[in-house]
Amino acid sequence: MTVITAENFEREVIGSEKLTVLDFWATWCGPCMMLSPIMEELDAEMPDVKFCKCNVDEQMELAMQFRIESIPTLLLVKNGKVVNKLVGFREKSALIKDIEDAK
């Protein structure tokens, strides 16, 4: 899973040819820690989708740019544009449906 920073955001997320799921998270966030293994599983199971993580404590500018007010927040980015913003923990089946709908 790709770690996103201000330096690689344009290349890895905006420039991606795949649908990209960008997880805004923090180490102190319980729901983020629950979502992390689901993201890892989906990263292995869905090779046609790019999964990325952005630590809000380390990348405050990106979090502010996308108005991240609660975490976890997932941005689904397609062709350089945010097509969905999912706030809060999601069960794996619900997340798969959201990703499939965004394709």
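How high is the relative contact order of the chain, given as a whole-number percent (alpha carbon pairs under 8 Å, six or more residues apart)? Write down the numbers at each step before the final one.
Details: 162 pairs, mean separation 37.6, N = 103.
With pairs under 8 Å counted, the relative contact order is 37 percent.
Roll a 1.4 Å probe over the protein chains and send me the accessible area per residue for the chain in Å².
On the way: 5610 Å² over 103 residues.
Per residue, the chain has 55 Å² of solvent-accessible surface.
Would you work out the relative contact order for the range 1-60, in percent, from Cα pairs under 8 angstrom that are 6 or more residues apart? Show your work: numbers first, answer last.
On the way: 63 pairs, mean separation 32.3, N = 60.
Here the relative contact order equals 54 percent.
In the range 19-103, what GluC sites (Glu not before Pro) fall in a loop by DSSP, with at most 12 other Cβ atoms inside 10 Å?
Glu69, Glu91
Report, in whole Å, the centroid distance computed from the Cα atoms of the range 6-24 and the range 55-81.
After rounding, the separation between the Cα centres reads 11 Å.
Ordered by residue, what ³J(HN,Hα) values in Hz, to whole numbers, does the range 35-49 give under the Karplus form 6.51 cos²θ - 1.76 cosθ + 1.60, where θ = phi - 60° and Gly and Pro are x?
The phi angles translate into 6, 3, x, 5, 4, 4, 4, 5, 4, 6, 8, 10, x, 8, 10 Hz.
Isolated Cys in the chain by the 4.7 Å beta carbon test?
Cys52, Cys54
Can you tell me the dipole magnitude for the chain around its Cα centre, using point charges on the Cβ only (Lys, Arg +1; Asp, Glu -1), in Debye to the nearest 20? Please list the in-between numbers first.
Details: 12 positive and 18 negative charges, 66 e Å.
My answer is approximately 320 debye.
In terms of the ratio Rg/(2.2 N^0.38 Å) built on C-alpha atoms, what value belongs to the chain?
Values: Rg = 12.2 Å, N = 103, 2.2 N^0.38 = 12.8 Å.
Rg over 2.2 N^0.38 Å, computed on Cα atoms: 0.95.
Could you calculate the FRET efficiency of Asp101 with Glu61 from 1/(1 + (r/R0)^6), where r is the beta carbon distance between them and R0 is 22 Å, rounded to 0.05? Each step should come with its number before you reach the end.
Numbers: r = 29 Å, r/R0 = 1.33.
It comes out at approximately 0.15.
At most 11 other Cβ atoms within 10 Å and a DSSP loop assignment: could you name the trypsin sites (Lys or Arg not before Pro) in the range 1-76 that fit? The partial results should precede the final answer.
On the way: sites: Arg11, Lys18, Lys50, Lys53, Arg67; in loops: Lys18, Arg67.
The qualifying sites are Arg67.
Accessible area of Ser70, 1.4 Å probe, to the nearest 10 Å²?
Surface accessible to solvent at Ser70 totals approximately 60 Å².
Between beta-carbons, use under 12 Å as the cut-off and find the net charge around Glu12, counting Lys and Arg +1, Asp and Glu -1.
Result for the local shell: +1.
The values are calculated or read from the model by the stated rules, or taken from the named source; none is laboratory data. Computed from a predicted model, the values in this text were never measured in an experiment. When we count neighbours, we look across all protein chains shown, and the Cβ atoms used for this are built from the backbone with ideal geometry, even at glycine. Keep in mind that these areas ignore ligands, DNA and RNA; they rest on the heavy atoms of the full protein, side chains included. Shrake-Rupley method; radii C 1.70, N 1.55, O 1.52, S 1.80 Å.
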